[in-house]
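This report concerns only the one structure given below.
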Amino acid sequence: MAFLLAPAWAAQTDQSALDWAVAQRARYEKFKEPVITVYATARLAEIVCPIDRGAGGALYRDALQGLSLLTPKRFTDPLHVLPIASFTALWKSATGNAYKCDPSLEESFDTERARAKMQTERQAANNTIRLAFDRIKDYPDRAGQLAEAAITATDPDHLDISLLTRFLSQLRERAPDVSDDVFPEALNLIVSAEQPNPALLMELGKYLFVSRRYYPSPDEEQNVDSFKVNNSTIVNFQDLRSSTIPDEVRDYIEGALKVLTTTNTAEFDPLAAYAIGYQLLPKAADISPDSSDRLREAVTQLQSLVGSGASQVQSQLSQSSIDPNSEDQPAKRAHVIAAVFNAAATGRFAEARELARGNDDLVSRNQIASLIDFAEAGASVSHKNIGWALSLANSLVPGIKRSLLYAGIEAASPDRDAAIGPFQLAIRDIERLPAEQRMFTLSANAGAIFPAGSDNAFTALSLLVAASNDAYTDPHRGYFDPKILRRPSKKAELGSDSPLILFNRRGLCEVVDTGQNRYTFPLKVPGATALNLPAVLPMAKGIDPARLEAVILDLRDETQMAIALNALAAMRLHAK
C-alpha cells in the first residue's frame, strides 16, 4: 500500500512546493524597493517555468508589468545594493528569460519605452560614475554597483574611462574587494568593443601600473609618468602599484592580447598598443607565463608596424626608469613565491617549505609558512586525517583560515560528537570578525555542520542573518591592509588574518605583501564550499522548509531576502 501511495504523496509534495513558491509573489509585492520586487518576481518566474509553464508565465507577466513602471532613476537613488545594477541589465535579463519560457510573452515587453529608458541610462552614464564617487565612503558596495550600472548601460566611446579609472583607485582604498569586482567589468567594456581602442586600455592601466618614480605615492592619487611619441600618449607602466594584485594583471594581459591583435580598426593606435605590450612582457613572464609567447608575438608584429616609433618608446622608458625587460630582486622573489605556491597547491608541502627558504623577505616568508600549513591542513581534511588537520588548524592565528578549516573538519567528521568541537571553535573565532567576513565563514560552517547537527546549523544561520543585518546597516567596518604585518595600521587590526583576506567574485584568497608586490593564495577547504546563505540552503535537505523560511525572513536587506527565498524555492522545487 505504501508503495502504491508513494507517487501520489510525491505529487502532493511537489504541488505544495509549487504553491508555496508562487505565493512568494505576494511577499515580493510588499517590498519597499520596486526594483527588488520586479527582479525577485522575474527570477522566481525563471525558477517556476520549467516546473509549470503557466504559473511561470503568469509570474513573468507580473514582473514585466512592474518593469514597465520602473525608471532609470529607481536604479540610481537607493543607498543600498540592488539585486541588479541597471534598468538595461534588468530589461535584457527579464525579457530574454521570459521569451524562453513562453514566446507569446513578447507582447508584454513594452519595447519602445524600454529603449527610451535605456538611452537615458546611456546618456547619464558619466553622471552615474560621479554619483558613485559620493557613495564610496559610507556605501562602498553601492558605489561599486553604480559604476557597474554605468558600464552595463553604455559603451567605451561614451563613458569617461579616465573618470572610471580614478573612481576605481578611490574605491580600492576604501573597499578593495568591491573595486576588484568592478575592474573586470571595466576591462571587458573596453576589450569587447567592436573597435577596441588601445588608448582607452592604457588609460585603464593607470589603475594597475605606475612608474618607479611615483611608486611610493598613495595609489588613490593615481600619479603617473607619461610622454608623447608622435601623436600618441604613452604612460609608464614600469611597476605594479602597491595595491595591485596578480589576478587583475592576468586579466589585463588577457584583455590586452585581444586589443593588441585587432589592428584593422579606425580606433587602433599601433604605437600605444606597442607600448602597452612591450611593458607587459616582463609582467607576463612573472604573473601570466602562459600568455608570454602570444604577447611576444603580438609585440613583434606591432614593432614592425610602428617602425622607428618602437625605439623612441624604448628610449623614453629607459630615461624615466630601468629597462622594463630587466630582472631585479623583486622579480627573483616572484619566481620563488610562484614556485612555493605551486608546490603547496599540488600537495608537495615539504618541497614548498624548502623552496620558501629562498625568499629573502622575512615577513612574507613567515606569512607564507602559515599558508603552507593551511594548505596541508586542507589536504588532510580531504584524506579524513582529522587529527593532523586539527593540529595544523590550531597552530594558525585565529580568524578566517582557521574557521574554514574547522568547517572542513566538521564536514569530514564521522558523527555529531566529532563535529561539535570544531564547530564551537569556529564560532569563537568568527565572532571577532567584521560583518562581511562573519557572513561567509558562518555560511561555510552552517553548510558543513548541517548533515551532522541541524540545531547547530540553525545556530550558525541565526548568527549569519545577524551578521548580514550588521553589514546592511553599518557596512565595511573591517579594513583590508596586508601591509599591517610590516607596520602598524590606524584602520586595520592585527590579531587575526582578517586584514589579509579578499573575498569577491573571483573567490576567496589571502594576499601576501612583500613590500614591493602582492601575491594571492586561494583559500579552499574541502567541505567548506558554501560561502553564502543561498549556497547553504541546498545542504539542508530533509529540514522543515518553514524553519528555513523563518530564518530568511529575519533579514533586513530586501535584496538578500529575495535572493534567499528564491534559492529556497529552487531547492524545494528540485528536491528529489
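Sorting the segments 526-539, 504-517 by their mean number of nearby beta carbons within 10 angstrom, highest to lowest, gives 526-539, 504-517.
Just the number: Rg to Rh for the stretch 421-576, Cα atoms, Kirkwood Rh, two decimals. Provide the component values of the computation, followed by the final result.
Details: Rg = 16.7 Å, Rh = 16.6 Å.
With Rh from the inverse mean 1/r over Cα pairs, Rg/Rh is 1.00.
With both labels modelled 7 Å from their Cα along Cα-to-Cβ, the residue 120 to residue 490 distance reads 4.3 nm. Ordered by the count of other Cβ atoms within 10 Å of each Cβ, fewest first, 487, 294 give 487, 294. Placing +1 on the Cβ of every Lys and Arg and -1 on the Cβ of every Asp and Glu, with nothing else charged, gives the chain a dipole about its Cα centre of roughly 520 debye.
By its C-alpha gyration tensor, with a ≥ b ≥ c as the square roots of the eigenvalues, how is the stretch 159-204 shaped: rounded for a/c under 1.5, else prolate for a/b larger than b/c, else oblate? Write out the running numbers ahead of the final one.
Values: a/c = 3.11, a/b = 1.85, b/c = 1.68.
It comes out prolate by the Cα gyration axes.
Shown for 568, 18: other C-beta atoms within 10 Å of each C-beta, ranked fewest to most, produce the order 18, 568. Seen through its C-alpha gyration tensor, with square-root eigenvalues sorted a ≥ b ≥ c, the chain comes out oblate because a/c lies at 1.5 or above while a/b is not bigger than b/c. Projecting the Cα atoms of 437, 335, 389 onto the charge dipole of the stretch 335-540, computed from C-beta unit charges around the Cα centre, puts 335 farthest toward the positive end. When +1 charges are put on Lys and Arg Cβ atoms and -1 charges on Asp and Glu Cβ atoms, the dipole computed for the stretch 42-182 relative to its Cα centre reaches about 260 debye. Scanning the chain for cysteines with no neighbouring cysteine C-beta under 4.7 angstrom from their C-beta gives 509.
Rounded if a/c is under 1.5, else prolate if a/b beats b/c, else oblate: with a ≥ b ≥ c from the C-alpha gyration tensor eigenvalues square-rooted, which is the stretch 335-540? Verdict is oblate for the stretch 335-540.
If R0 is 45 Å, the Cβ-Cβ spacing of residue 188 and residue 416 corresponds to a FRET efficiency of close to 0.45. Projecting the Cα atoms of 344, 377, 461 onto the dipole axis of the stretch 335-540, where Lys and Arg carry +1 and Asp and Glu carry -1 at the beta carbon, places 344 farthest toward the positive end. Neighbour counting of Cβ atoms within 10 Å sorts the residues 102, 373, 554, fewest neighbours leading, into 554, 102, 373.
Would you calculate a helix-derived [θ] at 222 nm for the chain, using -39,500 (n - 2.57) for each DSSP H run of n ≥ 4 and dividing by the full residue count, to the nearest 500?
On the way: 25 runs with 359 residues, N = 576.
For the chain, the value works out to -20000 deg cm²/dmol.
In this label model, residue 290 and residue 431 are separated by 4.4 nm, measuring between points 7 Å along each Cα→Cβ vector. Projecting the Cα positions of 507, 489, 475 onto the charge dipole of the stretch 335-540 (unit charges on Cβ atoms of Lys, Arg, Asp and Glu, taken about the Cα centre) puts 489 furthest along the positive direction.
Under the criterion of Cα pairs below 8 Å and six or more residues apart, the relative contact order for the chain equals 11 percent. Charges were assigned to the Cβ only: +1 to each Lys and Arg, -1 to each Asp and Glu. The resulting dipole of the stretch 235-290 about its Cα centre is roughly 100 debye. Under the simplified labelling scheme, the residue 162-residue 261 pair shows an inter-label distance of 3.2 nm, with each label point 7 Å from Cα along Cα→Cβ. Net length available on complete extension from residue 223 to residue 14 is 69.2 nm, with 0.36 nm assigned per residue and the Cα-Cα distance removed.
Ranked from highest to lowest mean number of other Cβ atoms within 10 Å per residue, what is the order of the peptides 211-217, 437-443, 148-154? Provide the component values of the computation, followed by the final result.
Values: 211-217: 14.9, 437-443: 26.4, 148-154: 24.6.
Ranking, from highest mean packing down: 437-443, 148-154, 211-217.
Straight-line reach from residue 483: taking Cα to Cα under 25 Å and skipping same-chain neighbours fewer than 8 places apart, the lysines in range are 137, 206, 283, 332, 401, 491, 524.
Computed from the coordinates by the stated procedures, all read-outs in this text should not be read as laboratory data. Model, not experiment: these values are computed from the prediction. All Cβ positions, even for glycine, are placed from backbone atoms using ideal geometry, and neighbour counts span all protein chains on display.
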